[in-house]
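Some notes on the structure that comes next.
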Amino acid sequence: MQVSPILVWFRNDLRTLDHAPLYWAAQRKIPIIALYCIDPQDFETSSIGNFPRIAGFRAQFLLESLQDLEAELKTLGGELWVELGKAEKIIPQYVEKYNIQSIYFYKAIGGYEKQIEEKVIKYLQKWPVEINSFWGHSLYMPQDLPFLLENTPDRFTDFRQTVEPGTIIHPPLSKPSAIVAFTVEENKPQQSTYKSFLSNKAQKLPYFVTSPLFRFQGGQTAALARINTYFWETQNLKNYKLTRNGLLGDNYSSQLSPYLALGCLSPRWIYAQIEEFEKKIVKNESTYWLFFELLWRDFFYFIFAKHGNRIFQAGGIKQMEIESIPNTQYFEAWIQGKTGYPLVDAAMRELANTGYISNRARQNVASFLVKNLELPWLWGASWFESLLVDYDVSSNYGNWNYIAGVGNDPRGFRYFNVTKQAEEYDPQAEYIKYWLPELQRIPVPKIYLPSQLTSLEQKKYQVEIGKTYPAPIVEFEASIKKSEINYKKAILATQGQVRNSRIRKFVKH
Ligand SMILES: Cc1cc2nc3c(=O)[nH]c(=O)nc-3n(C[C@H](O)[C@H](O)[C@H](O)COP(=O)(O)OP(=O)(O)OC[C@H]3O[C@@H](n4cnc5c(N)ncnc54)[C@H](O)[C@@H]3O)c2cc1C
């Protein structure tokens, strides 16, 4: 008879390198069941609109990442089991069925994933099961931070200046040298079940991975290949600080975010590669800047740990209700890239066709949705959640909070002037022309404001405003002015609420 196995519960950590739960479980040389659960409900329609919570790109990326993990584990002697169902139901069944003696996993920071984990732990407390949970999605460990999680500074600069000088970043763990697989003859999940479930989702959802533009291949192997290209072959990392605001192509930024989001790579592993690059090739502002961006990722991670579900509420972490208008026509125009503002439209079409857009594009389309269209920011965040191959709960909702003015931006009312941004970051209009072929014949600088073309020019450049390309759906300056007024009203109301709650407290005491 086999000894009672260990369960390693995989979630957003689909890797074997620098994987603490797998590493420490393997050290015990006891049979391991490596389990991943897919909850079909996660693929249902979003509460915001008629689109799935997880769309095709994400389903395909997950499928590839699981297949890669399966292959990786096999080379170590192990096996990946994938179940369709809720982890909080499946894990207790496994504990009973296989007499699991201990469970190893990475902790979630908050939200829905944390709730699942709490349900699992609650159940396991009834059984003699050892629970080994680890913190591992960030560069820094909470126990090494110079403050308690609940005291995480709310301003990025304060966070960075506090953690950077003396906080240790632990070196990554290696792969386990071998895994003892747990073997059973019967009732093992069929691998074909999850594969056909995910490929079905990938194909049937509104945006297809069959698009020739879908570029990201999921899994640790592809992640390592990307590091190899970006760091070592092309050495593009050398120029990251200069190129990182680019819009078009593969090499303006690391494009490691999808791998970080599903944990195909750990940030500590990337950090170790940056250090190696600095030793072997060059240490400059660019190498520092990639680390700086990883700090942003950590920042939003710790902010989520601190503020919890507030990041999903309209009032955000500031609990500040800014007026918005639930105009579904505007939302549809934004989604389809038909707002009449070329930079916004190009970016939204790229997102719909690839599941990815650059940071510069994200900032612009998010600002436009909130500050010009005056739509609820949660609508935009949900659309991103559905499509982005690199969707990450804390980075997505943290950045949307920030841009919507209800998060960590300390600088009052701000917006992106999408036309000026296009002139600055797409000076030859290559990005706009790539995604909006209907504007291809318009020269720079006229292309940035196609609605201002005369009818003669429209004829000359073969575009018809209002027909082949939309007229602007809102007037830029007027909508910004209105948003600013709403923002100021919200500030006054929030200050009033704080004052009133202080008075109430005073009266109570
Ligand atoms: C509205 C909005 C929503 C976003 N949603 C997500 C999301 O769901 N998932 C996600 O990973 N990033 C998100 N970002 C952050 C950022 O746009 C992406 O991380 C970045 O574009 C990914 O491309 P890259 O890997 O080439 O980044 P690089 O420029 O190469 O940066 C390296 C890494 O640093 C981290 N990083 C960089 N910028 C940020 C940032 N602003 N916030 C947090 N981490 C950052 C990422 O992990 C990234 O992979 C969002 C930004 C905005 C404005």
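Observations
- Residue list for segment 400-414, restricted to those being within 13 Å of the ligand (Cβ to nearest atom) and touching a helix residue (DSSP H, G or I) at 6+ places or on another chain (Cβ under 7 Å): 400, 401, 403, 404, 405, 407, 408, 409
- Failed item in (1) farther than 30 Å from residue 474 by Cβ; (2) touching a residue at least 12 places away in the same chain (Cβ under 8 Å); (3) crowded, with 19+ Cβ neighbours inside 10 Å, with residue 322 passing the rest: (1)
- Residue-level analysis places residue 447 among those that are surrounded by 19 or more Cβ atoms within 10 Å (Cβ to Cβ), of a type outside the set (Gly, Ala, Ser) and modelled with pLDDT of 95 or more.
- Single condition residue 431 does not satisfy, out of (1) surrounded by fewer than 18 Cβ atoms within 10 Å (Cβ to Cβ); (2) closer than 30 Å to residue 261 by Cα; (3) modelled with pLDDT of 90 or more: (1)
- Count of segment 121-146 residues, restricted to those that are in contact (Cβ under 8 Å) with a residue 40 or more places away in the chain and part of a helix (DSSP H, G or I), is 1.
- Spans of helices (runs of 4 or more DSSP H) in segment 210-276 with at least 1 residues among the small types (Gly, Ala, Ser) and under 24 Å from residue 299 (Cα atoms): 220-227, 257-261
- Scanning segment 193-214 for residues that are surrounded by fewer than 18 Cβ atoms within 10 Å (Cβ to Cβ) and at pLDDT 90 or above yields 193, 195, 196, 197, 199.
- Some residue of segment 353-360 being surrounded by fewer than 24 Cβ atoms within 10 Å (Cβ to Cβ), within 11 Å of the ligand (Cβ to nearest atom) and in a helix (DSSP H, G or I): yes
- If you go through segment 249-269 and keep only what is more than 10 Å from the ligand (Cβ to nearest atom) and modelled with pLDDT of 95 or more, you end up with 262, 263, 264, 266, 268, 269.
- Residues of segment 443-460 that are over 18 Å from residue 421 (Cα atoms) and touching a Leu at 6+ places or on another chain (Cβ under 7 Å): none at all.
- For segment 419-459, the set of residues classified as within 20 Å of residue 359 (Cβ to Cβ), part of a helix (DSSP H, G or I) and among the hydrophobic types (A, V, I, L, M, F, W, C) consists of 422, 432, 435, listed by residue number.
- Of all residues in segment 382-393, those being more than 19 Å from residue 369 (Cα to Cα) and either near the ligand (Cβ under 8 Å from one of its atoms) or among the aromatic types (Phe, Trp, Tyr) (or both) number 3.
- When residues in segment 72-95 are screened for being surrounded by fewer than 17 Cβ atoms within 10 Å (Cβ to Cβ), touching a residue at least 60 places away in the same chain (Cβ under 8 Å) and over 14 Å from residue 194 (Cα atoms), 1 of them pass.
- Breaking point among (1) at pLDDT 95 or above; (2) assigned to a loop (DSSP other than H, G, I, E, B), for residue 345: (2)
- Of the set (1) within 16 Å of residue 54 (Cβ to Cβ); (2) assigned to a helix (DSSP H, G or I); (3) at pLDDT 95 or above, all apply to residue 380 but (1).
- Taken as a whole, the condition of being away from the ligand (no atom under 11 Å from the Cβ), among the β-branched types (Val, Ile, Thr), surrounded by 24 or more Cβ atoms within 10 Å (Cβ to Cβ) and not in a loop (DSSP other than H, G, I, E, B) does not apply to residue 365.
- Test: residue in segment 396-408 that is more than 22 Å from residue 327 (Cβ to Cβ), at pLDDT 95 or above, within 16 Å of the chain's Cα centre (by Cα) and small (Gly, Ala, Ser): yes
- Condition check for residue 438: of a type outside the set (A, V, I, L, M, F, W, C) and either touching a helix residue (DSSP H, G or I) at 6+ places or on another chain (Cβ under 7 Å) or within 16 Å of the ligand (Cβ to nearest atom) (or both): no
- Some residue of segment 335-342 being assigned to a helix (DSSP H, G or I) and touching a residue at least 24 places away in the same chain (Cβ under 8 Å): yes
The values are calculated or read from the model by the stated rules, or taken from the named source; none is laboratory data. These numbers come from a predicted model, not from an experiment. Reconstructed Cβ throughout: ideal geometry from the backbone, glycine too, with neighbour counts over all protein chains shown.
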